[in-house]
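Readers should treat all values here as calculations from the given coordinates under stated rules, not as data from a laboratory. Bear in mind the structure is a predicted one, so any value in this text is a computation, not a measurement. Neighbour counts are summed over all protein chains in view; Cβ atoms, including those assigned to glycine, are modelled from backbone coordinates with ideal geometry.
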Amino acid sequence: MFVLDHLWIIPLLPLLGAALNGIFGRNWPRAATNSVALGTTGLSFLATAELAREFFGLAASQIPWTHSYFTWIAAGTLRADYALQVDQLTLLMLLIVTGVGWLIHLYSTGYMHDDAGYRRFFTYLNLFMFFMLTLVLAANYTLLFVGWEGVGLCSYLLIGFWFLKKTATDAGNKAFWVNRVGDFGFLLGMFLLFRQFGTLDFATVFDKASAMPAETGGVGILTAACLLLLMGATGKSAQIPLYVWLPDAMEGPTPVSALIHAATMVAAGVYMVARSHVLFLHAPLAMTAVATIGTLTAFFAATIALVQTDIKKVLAYSTISQLGYMFLGCGVGAFGAGVFHLMTHAFFKALLFLGAGSVMHSLGGEQDMRRMGGLYKAIPWTYGTMLAATLAIAGTPGFSGFFSKDAILLAAHDGPYSNAFLYWLGVLTAGITSFYMFRLLFLTFHGSPRYDEHSVHVHESPSNMLVPLVVLAILSVAGGWWAAPHLFGGADLFERFIGPVLGSSGTAAAGTLLEALLGAPVIAGIVGFLLAWWLYIRRPEAPAEMAKSLNALYRLVSGKYFIDELYGAVIVRPLVAISTSVLWHGIDERGIDGAVNGIAQGAGEFGERVRHLNSGNTRTYATWVVFGAVLLTIVLVWMRG
Amino acid sequence: MVPISYYLALSAVLFGLGVLGFVFKRNIITIFMAIELMLNAVNLAFVAFSRALGQLQGQVFVFFVIVVAAAEAAVGLGIVILIARNRQSLNVERVNLLKL
């Protein structure tokens with residue numbers, strides 16, 4: 001019961017690593033930095049494994065296991081403890097974060113090997129682990145928010161890691177500001193919950209909320225709170241309308257994209273919605289909003305990914321799209337399926353990013369797929385693992401993405417919140433996903449080489465980069481088998497595991513995955529694959545022709561629907577204009593500076609006039625003395641009289 | 001007996017001459033003498049009042065003034081000699097190191 005009683009060990013270990021490397025590591029050799037960074041996160045993973053062992057010994061009545069360590073804030077009736085809790089959902093997230101996180105740490109020792117900011121990188125990465133673990137372990141919204149903001153901070157620091165590059169710092173700022181918008185909603189949602197329930201502890205809030213009637217009639221307090229929480233989630237998890245920061249976030253080092261902007265941090269929004277599922281289930285309107293936003297984002301981002309040429313940008317839009325699937329799962333009541341997809345996505349998307357990083361590494365930093373091609377012979381390990389991940393994300397039967405994605409679509413089709421429109425849009429998106437992922441694979445690894453074979457020496461990555469790839473590839477293939485018995489009408493073991501927390505999606509009785517095997521999502525995936533094969537292997541000249549014949553559409557999509565430009569014109573530019581002309585030149589310069597400078601200048605001018613009295617001329621002083629004496633005499637006489 | 005107003009008028013005239021000399025003259029020695037003139041004008045007024053009122057305090061005060069004036073003359077002339085040495089001039093207009 002050691003770890004259960006000392007849950008704080010798990011997040012504090014990476015914090016210790018960050019502190020050691022950040023404060024004392026200035027002159028340490030690489031090996032010392034490595035052992036601190038990997039050692040603390042590795043120990044954290046081992047502690048989580050031990051926690052899992054102890055956790056399965058607990059009786060059902062002891063779950064969620066909550067432990068309050070000290071009171072952090074006590075103000076009026078608000079009491080926020082440093083309280084951590086463990087239930088099945090937390091345990092799953094902990095395993096994902098520490099496991100995938102450690103693998104990415106290992107990968108980074110190879111990828112960042114020649115970087116001058118090596119120590120800084122691992123300091124930030126460990127700090128991120130601390131905040132992410134705080135986020136998933138928190139037993140109240142206040143502490144969750146601490147982790148929430150902390151991972152945002154680390155995201156900002158790591159996007160702008162190469163801070164001498166203007167685009168990188170701009171991207172970091174953009175991520176920070178866009179997330180502020182979402183966090184504003186999250187905060188308001190928390191205030192509303194506190195006003196309603198008088199506390200922000202998960203257990204109390206959910207108990208009281210589940211006693212309330214479902215708000216079917218309109219917008220009640222729970223619906224409002226849920227919509228505000230959703231606003232926070234759209235910021236962190238890059239959903240419409242706040243997704244714009246994630247593609248730019250690819251300016252950061254690739255392991256960061258894998259860890260923060262694919263596997264863990266961006267899933268925090270999904271985690272938060274799943275964690276608050278009791279509230280959402282009492283607010284049908286908010287559920288519809290979650291499902292709709294998720295599906296639209298999934299579709300929208302997938303179409304943009306179709307025409308991107310930067311390998312990391314394709315993966316970024318793919319991440320947005322897959323996060324949309326998770327929201328769809330949550331929105332149709334299948335929270336378990338949403339979290340399941342979160343897990344499988346963490347495996348295969350982290351793998352895809354790391355694989356892309358390996359490709360870039362082997363090509364000396366090239367990111368443009370138009371200058372790749374034919375790499376599969378040169379870097380077979382990278383190719384094999386990326387193939388596994390591509391098959392997984394495309395929903396190939398037997399691979400992890402198939403189980404999780406189809407569980408979501410099954411719930412959208414048959415579940416209690418089923419919606420035909422969202423289902424078919426989801427199926428269409430599955431086809432598009434398959435297409436753009438195979439397009440990426442074909443453009444990168446197949447066809448004839450389009451890079452300069454004389455100047456670029458293609459080489460396979462070192463083993464400390466390949467080991468994480470292989471481990472993640474195994475997980476990407478096998479990670480979904482948890483749910484495999486569901487194929488044949490049996491129980492969905494994953495759902496049974498997570499069920500005590502998130503409930504059932506309600507689809508078990510309605511259909512089995514075997515029906516889904518021959519269902520629309522798989523067919524859509526196959527069509528997508530065939531199209532990609534036809535366009536990029538069979539007739540490589542066809543895409544350019546199509547782009548020419550569908551010029552307007554192509555330009556619209558490759559311009560990312562000009563959403564950035566729209567936001568720029570509608571929000572950013574007016575805001576900058578008002579800030580410049582009114583707030584800066586008006587209030588700041590005229591008002592505040594004017595008052596301060598005015599007083600100083602008035603004193604100066606007064607002094608300028610008066611200083612002429614102090615001329616240094618003795619006779620003038622004499623005159624003043626006489627003048628003063630006469631004045632004094634007059635006053636004295638006048639007072640006597 | 002000469003009425004007191006005569007003495008006071010003379011005292012006022014002497015004092016006024018002292019003020020004018022103090023303000024308008026440029027030579028330090030002259031200014032110094034103007035100050036002495038003002039002091040002695042006041043002394044005259046004191047003595048006149050003392051006599052007219054039949055009290056001795058005024059005369060005692062005159063002694064004080066004479067003593068202070070002697071001390072002042074000693075210090076003041078010392079300063080004048082130093083100025084004359086350093087500036088090669090007795091013109092107060094040239095004593096202007098403190099001027100902005």
(request) Bin width 10 Å, alpha-carbon pairs only: give the P(r) of segment B:4-90 as whole percents, running from 0 to the bin holding the largest distance. (result) 18, 38, 29, 12, 3, 0
(request) Once you've got the Cα coordinates, tell me which of A:K166/A:K313; A:K313/A:K548; A:K313/A:K349; A:K166/A:K236 are over 20 Å apart. (result) A:K313/A:K548; A:K166/A:K236
(request) With a cut-off of at most 16 other beta carbons within 10 Å, and DSSP calling the residue loop, which chymotrypsin sites (Phe, Trp or Tyr not before Pro) in segment A:38-69 qualify? Please list them. (result) A:F56
(message) Suppose only helical runs count, i.e. DSSP H with n ≥ 4. What mean residue ellipticity at 222 nm does that imply for chain A under -39500 (n - 2.57) per run, divided by all residues and rounded to the nearest 500 deg cm²/dmol?
(response) -21500 deg cm²/dmol
(message) Please report the spacing between the Cα centers of segment A:321-364 and segment A:244-312 in Å, no decimals.
(response) 9 Å
(message) Calculate the FRET efficiency for A:F184 and A:R590 from the Cβ-Cβ distance with a Förster distance of 41 Å, rounded to the nearest 0.05.
(response) 0.90
(message) Against the 2.2 N^0.38 Å scaling, with N counting residues, where does segment A:406-505 land? I'd like the Cα-based Rg ratio to two decimal places.
(response) 1.58
(message) Can you sort A:S61, A:S579 from fewest to most other Cβ atoms within 10 Å of each residue's own Cβ?
(response) A:S61, A:S579
(request) Post the alpha-carbon centroid distance, segment A:428-442 to segment A:3-36, in whole angstrom. (result) 40 Å
(request) Give the order of A:R450, A:R539 when sorted by the count of other beta carbons within 10 angstrom, beginning with the fewest. (result) A:R539, A:R450
(message) Only helices at least 24 Å long along their own axis, judged from Cα atoms, and with Kyte-Doolittle mean hydropathy of 1.0 or greater: name those in chain A from DSSP H.
(response) A:88-111, A:118-137, A:141-159, A:284-305, A:335-362, A:420-445, A:618-640
(message) Restricting everything to alpha-carbon atoms, can you work out Rg to Rh for the protein assembly as shown with a Kirkwood hydrodynamic radius?
(response) 1.36
(message) Run the reach check for A:K165 against aspartates and glutamates, Cα to Cα strictly under 16 Å, same-chain hits fewer than 8 apart removed. What comes back?
(response) A:D115, A:D248, A:E251
(request) Calculate, for A:A603 and A:T77, the FRET efficiency according to 1/(1 + (r/R0)^6) with r their C-beta to C-beta distance and R0 35 Å; round to the nearest 0.05. (result) 0.10
(request) May I ask for the net charge around A:L58, where only other residues with Cβ less than 15 Å from the Cβ of A:L58 are counted and Lys, Arg are +1 while Asp, Glu are -1? (result) -3
(message) Based only on other Cβ atoms within 10 Å, what is the fewest-to-most ordering of A:H585, A:H277, A:H261?
(response) A:H585, A:H277, A:H261
(request) With r as the distance between the Cβ atoms of A:W424 and A:V572 and R0 = 45 Å, compute the FRET efficiency 1/(1 + (r/R0)^6) and round to 0.05. (result) 0.80
(message) Below 13 angstrom from the Cβ of A:G525, what's the summed charge of the other residues (Lys, Arg +1; Asp, Glu -1)?
(response) 0
